[in-house]
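One structure below.
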Amino acid sequence: MPLIKILPDWWIPEHQATSESVYLNRRQFLGGVIGLATVLGGCATPAQKAKPVRAQLNQAQLKALAARRNSNYTLDRELTDEAIAATYNNFYEFSSGKEVWRHVSKFQTHPWAIEVTGLVAQPQTIAIEDLIAKIPLEERLYRHRCVETWAMAVPWIGFPLKALLAKVEPQAKAKFVKMTTFQNLQQAPNQTMAPPWPYTEGLTLAEAYHDLAFLAVGIYGHELPKQHGAPIRLVVPWKYGFKSIKSIVKIELTETQPPTFWNTLIPYEYDFTANVNPTIPHPRWSQATERMLGSSDRRRTLIYNGYGDLVSHLYA
Ligand code: MTE
């Protein structure tokens, strides 16, 4: 007998919630860059695939990182399974599907340095190893909410963005922080597509100085795997996931609001601020609910992804 499920009014099918993938795939398809297989690939869900073993992902080869857990940040839900989080990713430099881990083998994440520049008194280019040696690492359990309505809860390892900003001494004129991802066509073949590469993102200086704004160098007790944005990425958990830029090479303090990747591509769908808000639907789907990776149930989206008591004053 078929199971008849009565769906609540806020439910939407996952395939209606693939913002960037749908947009990019359409561009690719129309432009003839890639074929139909990839267009369909953007709609796959983890439940449809066999769970890969840790060894296949090479997670076991990642260096362990010691970090004390910061107990100020607790979760209202279970942590997402590590293998599920590592096999359902958005990293358009490599793929417009979710199986990014299959496409990152050529990506060289060592050696790596990050340039911190712009309106600062002490501009610097710092090797990742030096950064990790200079700034104490901590572990934080954060929720992550993609604008496509999937969500996860993961243990990041890193340090607050403000700890790095303090080292370069921002000038009084600085109002924004612009961040840029690496660009390398040999290693990330999708960067040949039409969008404005390299991927860039930005925060106001007040957002960047908020304790929640985190630079992650690790996850689940070890270095970041490439598909999660190795060797260093932003994590801003009260904002939609596209703000959490991966594999950062440059941080620049500016006086004016910097252009950002998705906002440049589709300004009427992705605004600069991009705070998680269940009451403001995406132009093409509802944001009222979300699906945790590894589950097919939908749960109500929380305003500011549940971090409202910490960040709402920034938007008063
Ligand atoms: N950063 C870069 N450079 N390129 C990307 O395509 N995707 C963003 C964000 N950072 C993206 C990026 C999106 S849409 C999301 S939801 C998160 O990374 C996904 O992070 P995860 O794959 O580690 O879960």
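Overview of results
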item: Thr256, sole failed condition from (1) more than 12 Å from the ligand (Cβ to nearest atom); (2) in contact (Cβ under 8 Å) with a residue 60 or more places away in the chain; (3) open to solvent by less than 40 Å² (accessible area, probe 1.4 Å); (4) at negative phi; result: (3)
item: Where Thr180 falls short, out of the listed (1) open to solvent by less than 10 Å² (accessible area, probe 1.4 Å); (2) in contact with a strand residue (DSSP E or B) (Cβ under 8 Å, 6 or more places away or on another chain); (3) within 16 Å of the ligand (Cβ to nearest atom); result: (1)
item: Odd one out for Tyr209, checked against (1) under 16 Å from the mean Cα position of the chain (by Cα); (2) of a type in the set (Phe, Trp, Tyr); (3) more than 13 Å from the ligand (Cβ to nearest atom); result: (1)
item: Hey, Ala166 free of Cβ contacts under 8 Å to residues at least 12 places away in the same chain, open to solvent by 10 Å² or more (accessible area, probe 1.4 Å), assigned to a loop (DSSP other than H, G, I, E, B) and over 30 Å from Ser286 (Cα atoms) or not; result: no
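The values are calculated or read from the model by the stated rules, or taken from the named source; none is laboratory data. Since this is a predicted model, take the numbers as computed values, not measurements. FYI the Cβ positions are ideal-geometry reconstructions off the backbone, even for glycines, and counts take in every protein chain you see. Only protein heavy atoms, including side chains, enter the accessible area calculation; ligands, DNA and RNA are left aside. Shrake-Rupley method; radii C 1.70, N 1.55, O 1.52, S 1.80 Å.
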